[in-house]
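Heads up, the thing below is written out as structure tokens.
Nothing in this text is a laboratory measurement; each read-out follows from the coordinates by a stated rule. Quantities reported herein were computed from a predicted structural model and do not represent experimental measurements. Here Cβ is always computed from backbone atoms with ideal geometry, including for glycine, and neighbour counts include all displayed protein chains.
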Amino acid sequence: MEINLSKLSFLSDPFIGLSLISLLSVIFFILYTMSKIQTISALKSKINYLNKTIQDLDEQAKLIIKGDMELKLYQQEIEDKLNKLTLIKNLIISSIHILDREKLFLQINERVVNDLGFKKSIILDFGDLEPKTNVGFATLEVEKIKNIFKYKKDLLKGLQLLSSDSDLYKQISAELGGAQLLCSPIRAKGHIYAIFIVSDLIMPISMRRSDQEAFSIIGMYLSQCLENIGLFEDLYHNRDDLERRIKERTNELVKSLREIETISKAKSAFISSVSHELRTPLTSVKGFSSLLVEEKFGKLPDQAKERLIKIDENVNKLMDIVNTLLDISRIESGRMEIKIAPFDIVKLISDVADFLAPQVESNGLQLNLDAPKAVNVFIDKNLIERVLINLINNAIKFTSSGGKITVKVMLQNHKTLISISDTGCGIKSDDMDKIFQEFFRVESTSTQVKGSGLGLSLVKRIIDTHKEKIWVESEPGKGSTFYFTLRPVEK
Ligand code: ADP
């Protein structure tokens, strides 16, 4: 393109040139300003963004501080609860064994009250409102509290913890100069026993839940302790009562025993004197009946002789009974002379077996001895001989033909044990503890087998005087075993 310079000649006009320059300057300025405005607005939005970020950070910092404070408070609360639990644990340890109400209340001392977070505490008797313990309350304050409860203590009935909204609370607090306090009744056996108050928080902050909880637990614990003390007292009184009754019964028994002893002595004395009285005429009757039976006074008619033989047999039995009764009463009264000396019991049994052999044979029985060669024991030989004769004799009497009698000698528990077994009729368990009584005879056998019911009674007394034991084991229809112990001579 070709520019016609002649047409641009106006540029050579100084006015137009200046105007053009000014215009260009303005345009340049506008453009510059616009670019600056853009930069400023970009900076502004950055500043806004930064401001917002700072605000957010501030918010977060506040939240962190708040969280931290809450955590600290929570930590403090946990520490506080832990301290109170330790306090309760220590209180329980120090008072669990206390069985005296006054001593129990003394456990609520200054240290316990302070650990609980309070300066003052009082426990009032619910009846006369007298203080059982007082930590920090001035006499005047005590009087004020007493005066309030004088007319209003019944308001505590049914309550566990006095509410801070109640009029009673407000009145007590007002009387104590607006102090924060906790108050609860202490119950025992379903009745209010005392009023428990703590007041004046050590830390000047409002009451915490943990304060109330710890106070309530201590109140309930004191109630439980009172229950336990009550139960213990009941038990103690019952024991006292039981002991008194046992003493009474023992005294009665001792009295009865003495009476029985007196009666028994009288009975022995009676039996002894009757037996004595009977023995002399019996000896004379025996003498005559023997002479008559032997026909020393001349020949007798057969019928008379037959009767006389019966009379002689019965006189023998009577003499036997009288002699046994005399022996029993002599042993009972301690008049019988007992000579304890070492003796071979196996030899004694063999001698008795030889002596009774004719009877064993005539009854169609078999008698065996199962014993070592010799066993020395401490005995009164004559008396133990009578024991053996009686027991083996009974075994013979109560065992039918073809039966077996076994006598054994054993060592058991440092004692010599003698047993006499038979395969006879046996004894019912009901009768077993009666057979050692005087004149007792088992009904079913008494008619078939002759006897006095005195043999075992004498046997038992002889064993008793040796300070040993005798007992029986038996099964009806199968047989009986009589056992007795003797003191062996140590080798
Ligand atoms: P007794 O033999 O003279 O009747 P005991 O005092 O010796 O008197 O015995 C009392 C009772 O005990 C006997 O009547 C008899 O009923 C019972 N008894 C004793 N020994 C035996 C025995 N070995 N077997 C069965 N019963 C016996």
Cleavage-rule hits (GluC sites (Glu not before Pro)) in segment 289-322: DSSP loop, at most 10 neighbouring Cβ within 10 angstrom: Glu294
Are there DSSP H segments in the chain that both extend 30 Å or more along their axis (alpha-carbon positions) and score a mean Kyte-Doolittle hydropathy of at least 0.0? List them, or say none. 14-95
Counting only C-alpha contacts under 8 Å and six or more residues apart, can you give the relative contact order of the chain as a whole percent? 9
Would you work out which of Tyr193, Gly127, Thr324 lies farthest towards the positive end of the dipole of the chain, given +1 charges on the beta-carbon of Lys and Arg and -1 on that of Asp and Glu, about the Cα centre? Thr324
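So how strong a dipole does the chain carry about its Cα centre when Lys and Arg Cβ are +1 and Asp and Glu Cβ are -1, to the nearest 20 debye?
Numbers: 67 positive and 65 negative charges, 89 e Å.
Charge dipole, the chain, about its Cα centre: 420 debye, nearest 20.
For Ser452 and Met69 in one chain, what is 0.36 nm times their gap in residues minus the Cα-Cα distance, to one decimal in nm? List each step's numbers first, then the result.
Numbers: separation 383, 0.36 × 383 = 137.88 nm, distance 10.57 nm.
Full-extension gain reported as 127.3 nm.
How much length is gained if the chain between Lys317 and Glu102 is pulled fully straight, taking 0.36 nm per residue apart and subtracting their Cα-Cα distance, in nm to one decimal?
Details: separation 215, 0.36 × 215 = 77.40 nm, distance 8.01 nm.
Value of the extension gain: 69.4 nm.
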Any chance you could check the Cα centroid distance between segment 336-355 and segment 225-261 for me, in angstrom? 50
What distance in nm separates the simple spin-label points at Glu248 and Met207, each placed 7 Å from Cα in the Cβ direction? 5.3
Among Glu77, Glu252, which comes first, then next, by fewest other beta-carbon atoms within 10 Å? Glu252, Glu77
Taking a crude spin-label model, label points 7 Å out from Cα along the C-beta direction, the Ile389 to Asp351 distance in nm is 1.1
Lys296: which lysines have alpha carbons under 25 Å from its alpha carbon, excluding same-chain residues fewer than 8 sequence positions away? Lys286, Lys305, Lys310, Lys317
Over the Cα atoms of segment 298-368 the radius of gyration and the largest Cα-Cα distance (Dmax), both in Å, equal 18.7, 54
For segment 225-273, using Cα atoms only, the Rg and Dmax in Å read 20.7, 70
Could you let me know the centre-to-centre spacing of segment 197-218 and segment 127-155, using Cα atoms, in angstrom? 19
Cα-based reach from Lys460 at 16 Å (exclusive), listing lysines while leaving out same-chain residues under 8 positions away: Lys381, Lys434, Lys469
Other-chain or far-sequence residues with amide H under 5 Å of Leu367's (modelled H): Ile405
Reachable lysines from Lys144, criterion Cα separation under 17 angstrom, eight or more residues apart if same chain: Lys120, Lys132, Lys152, Lys153, Lys170
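Working out 0.36 nm times the residue gap between Ser273 and Lys310, then minus their Cα-Cα distance, what length gain in nm do you get to one decimal?
10.6 nm
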